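The values are calculated or read from the model by the stated rules, or taken from the named source; none is laboratory data. The structure presented is a predicted model; accordingly, all values stated were derived computationally and were not measured. Methodologically, a virtual Cβ is constructed for each residue, glycine included, from the backbone with ideal geometry; neighbour enumeration extends over all protein chains shown. The protein model used for the area step is the full one, side chains on, heavy atoms only, and it has no ligands, DNA or RNA in it. Shrake-Rupley method; radii C 1.70, N 1.55, O 1.52, S 1.80 Å.
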Amino acid sequence: MFDFAVTSVAGGWIRSSLFYLILLLNLIFVIIIISEKRNPVKSLAWISVLMFMPVVGFVFYIFFGRDQRSQRMISRKGKRKLKRLVEKNKNISDREDSSLGAETLLMIKLGYNLTGASLTHNNRITLFTDGKAKFDALFKDIAEAESFIHLQYYIFDNDGIGSELKELLKEKARNGVEVRILYDDVGCWSWRIGHHYFDDLIAVGVQAKPFFKVTFPQLANKLNYRNHRKIAIIDGKKGYLGGMNIADRYRDGVPWGIWRDTHIRIEGNAVHELQSIFLVDWNFTTRELLSRPVYFPKIEPNGGKERIQLVTSGPLDENKPIELMFLKGITTAKERIYIQTPYFLPSSEFVYAIQIAALSGVDVRIMLPERSDSPIIQRASQSYITQMLKAGVKIYFYTAGFMHAKSMIVDDEFATIGSTNFDFRSFEQNFEINAFIYGREFNAIYSAVFEKDRKESRRITLRSWRKRSMWRKITESVLRLLSPLL
């Protein structure tokens, strides 16, 4: 009886001590979060996680909540050297274009002041809205490469597309073409791609490097910051960027339909800017600065009329360049804003900007997937729909498959396409890239694409949306609370 009483007292003391220890750790982490002076919405989300999941929340914060902005992608000297090479062999000097509207010129200036991104002329764009056309063109350009091939993708899958690309790259490497690959370490973890995919390439001379490799003890500092860019440069004359990774689903679709995505192929001065972006990432990963003139060949006239500004963003940026560019476009819109995104988790600034635009009479349309590859993020995304509808925003659910395109059209002379989703992760934690395209011709082309997609979508009305079950509304609200962390 005495032993039982002692055991009970000891057990009670341990439980009490554990409770106070968890409380103390909670307080310490809350102080750390507040002291980081990050977005208040994100801080409150982390504090909520700590309150509802004390032990698990500690682990989540260590792995996904740390700030990495003290690091630098490349030295100022290296950046200046690449900038000189970019400028040296352009066909014509890029400059401000007086034919563009005042608001557009201010947007171009914003992009330059944020990242040093120049407006480039002499560009020809090929638009891809399906994987087959994109991969056919990319593989053809790779097969014709004479000097070098630079690839950077978030995901390489060891499936049909991945295997075809691997064999093609091995052949080019054996024939003396320089091949460099940057792949995201988490996006290409071995359970996804296998242990030998990159080893087979390296064995024949391909240089393949993981971006922000996740290793102990730096695991907690790197796991949350991923390189989400999808770009390719061939011989310094042809470039690709957009939303498509290297995997069969981008070509063959998903069980419930097609994979609707957007990618572009560029010829012209913007290719040098794209090359510079790749080389900065390469330098960040390998500490090797590739600055030979061969990587920036002279750009010949090609009849292209498109004006392109390539803007990047990432967790190491002091500001959030692509988010600010998107906000600038939304706040200056006078007639229309068309948005396509697979994930819609906007910051409060975005919500207000979109609401103001719609309430001011701007035709705002947002296209989301009817069915997503991430049910959790989809539910969180749908929590924003009611307030969008109340403001007069037109919401469309794409029904022909999975909408993975990341694009925005504003009025008649601006459009953007790239890797950036309309969510916290893309704006704050991922390394992203978007092409900001200025001109009426491309704007009209992509507007026609949006209209085609609209015909394969169903419009959501406020009356029908309110008929969702109470359980679904509660689930959406809870997940919305965590949206800054998803």
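Take the conditions out of contact with any His (no Cβ under 6 Å at 6 or more places or on another chain), open to solvent by 40 Å² or more (accessible area, probe 1.4 Å) and outside any helix (DSSP H, G or I) and apply them to Ser99. Does it pass? In short, yes.
Look at (1) touching a Ser or Thr at 6+ places or on another chain (Cβ under 7 Å); (2) assigned to a helix (DSSP H, G or I); (3) surrounded by fewer than 24 Cβ atoms within 10 Å (Cβ to Cβ) and you find that Arg265 fails only one, number (2). Within the stretch 331-355, residues that are under 17 Å from Ser419 (Cα atoms) and open to solvent by 10 Å² or more (accessible area, probe 1.4 Å) have Cβ atoms under 9 Å from residues that are of a type in the set (Val, Ile, Thr) and at pLDDT below 95 in these pairs: Tyr343/Ile377, counting only partners at least 6 apart in sequence or on another chain.
Of the numbered criteria (1) over 30 Å from Arg440 (Cβ atoms); (2) open to solvent by 20 Å² or more (accessible area, probe 1.4 Å); (3) touching a Phe, Trp or Tyr at 6+ places or on another chain (Cβ under 8 Å), the one Lys170 fails is (3). Counted as qualifying within the stretch 373-472 are the helices (runs of 4 or more DSSP H) with 3 or more residues that are touching a residue at least 60 places away in the same chain (Cβ under 8 Å) and touching a strand residue (DSSP E or B) at 6+ places or on another chain (Cβ under 6 Å), namely 440-454.
Only residues that are at pLDDT below 95 and surrounded by 20 or more Cβ atoms within 10 Å (Cβ to Cβ) were counted across the stretch 199-210, and they come to 0. Among the residues of the stretch 180-209, the ones that are of a type outside the set (Val, Ile, Thr), in contact (Cβ under 8 Å) with a residue 12 or more places away in the chain and under 22 Å from Asn430 (Cβ atoms) come to 11 in all. A single member of Asp411, Asp453 is modelled with pLDDT of 95 or more, over 10 Å from the mean Cα position of the chain (by Cα) and at positive phi, and it is Asp411. Restricting the search to the stretch 211-242, which residues are outside any loop (DSSP other than H, G, I, E, B) and either of a type in the set (A, V, I, L, M, F, W, C) or modelled with pLDDT under 70 (or both)? Scanning the stretch 211-242 gives Phe211, Leu219, Ala220, Asn221, Lys222, Ile231, Ala232, Ile233, Ile234, Leu241. Tallying residues that are of a type outside the set (S, T, N, Q) and open to solvent by 10 Å² or more (accessible area, probe 1.4 Å) within the stretch 430-467 yields 18. Of the listed requirements (1) buried (at least 22 other Cβ atoms within 10 Å of the Cβ); (2) more than 16 Å from Ile330 (Cβ to Cβ), Phe422 misses just one: (2). Among the residues examined, Thr341 does not qualify as farther than 30 Å from Gly257 by Cα and β-branched (Val, Ile, Thr).
Taking the stretch 140-167 as the range and being under 22 Å from Trp282 (Cα atoms) and either in a helix (DSSP H, G or I) or without any contact (Cβ under 8 Å) to a residue 40 or more places away in the chain (or both) as the test, the residues that pass are Asp141, Ile142, Gly162, Leu165, Lys166. Residues in the stretch 333-350 that are at pLDDT 95 or above and either assigned to a helix (DSSP H, G or I) or not aromatic (Phe, Trp, Tyr) (or both): Ala333, Lys334, Glu335, Arg336, Ile337, Ile339, Gln340, Thr341, Pro342. Considering the stretch 176-194, and only residues there that are over 26 Å from the mean Cα position of the chain (by Cα) and open to solvent by 30 Å² or more (accessible area, probe 1.4 Å), the residue that is farthest from Thr285 (Cα to Cα) turns out to be Gly176. Filtered by the rule that a residue be over 20 Å from Arg458 (Cβ atoms) and open to solvent by 10 Å² or more (accessible area, probe 1.4 Å), the stretch 358-385 gives Leu359, Ser360, Gly361, Val362, Ser374, Ile376, Ile377.
For (1) among the aliphatic types (A, V, I, L, M); (2) at pLDDT 95 or above, each residue gets a yes or a no:
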position	(1), (2)
Lys140	no, yes
His150	no, yes
Asp159	no, no
Gly162	no, yes
Leu165	yes, yes
Lys172	no, yes
Val177	yes, yes
Arg180	no, yes
Cys188	no, no
